[in-house]
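S.K.: Structure provided below as structure tokens; questions to follow.
Nothing in this text is a laboratory measurement; each read-out follows from the coordinates by a stated rule. Just so we're clear, the structure is a prediction, and the values are computed from it rather than from any experiment. Every residue, glycine among them, receives a Cβ derived from its backbone with ideal geometry; neighbour counts consider all protein chains shown.
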Amino acid sequence: MRFRHILVSKKYEAEDVLGLLKKGRDFSDLALKWSICASAKDGGDLGELKGKKIDSDFLETAELLKVGEISGIVRTRFGYHLIKRES
């Protein structure tokens with residue numbers, strides 16, 4: 001499974017980005033603009049999660065997504081995530 005994500009520090013930022021995604025904005029472009037994760041430069045691409053140390057709340061949500069689906073807001077100790085399953 002391959003994922004992208006957008007990580008922000010405030011819930012209202014995640015809500016704003018989610019609203020833009022619902023209006024059809026490109027996930028990778030929004031990750032580049034909004035995400036505070038180092039993966040932002042790659043459009044939020046996290047690659048394959050298998051074998052990586054991942055927050056359990058993030059992983060539980062990510063694993064339930066269908067290909068192309070975007071999660072709701074997921075809170076972890078790092079902040080607020082929006083997750084997209086790529087494959």
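S.K.: Could you work out the helix-only [θ] at 222 nm for the chain, with each DSSP H run of four or more residues adding -39,500 (n - 2.57) and the total divided by the number of residues, to the nearest 500 deg cm²/dmol?
M.R.: Working: 3 runs with 29 residues, N = 87.
After summing the helix terms and dividing by residue count, I get -9500 deg cm²/dmol.
S.K.: Given N residues in the chain, what is Rg(Cα) / (2.2 N^0.38 Å)? Working shown, then result.
M.R.: Details: Rg = 11.4 Å, N = 87, 2.2 N^0.38 = 12.0 Å.
Taking the Cα Rg and dividing by 2.2 N^0.38 Å, one obtains 0.95.
S.K.: Also, quick follow-up: So, in the chain, how many Lys pairs have Cα atoms under 18 Å apart, if the pair is 8 or more places apart or on different chains?
M.R.: 16
S.K.: Here's something else I'd like to know. Calculate the dipole size of the chain relative to its Cα centre from +1 charges on Lys and Arg beta carbons and -1 charges on Asp and Glu beta carbons; express the result in debye to the nearest 20.
M.R.: Working: 17 positive and 14 negative charges, 12 e Å.
So the magnitude is around 60 debye.
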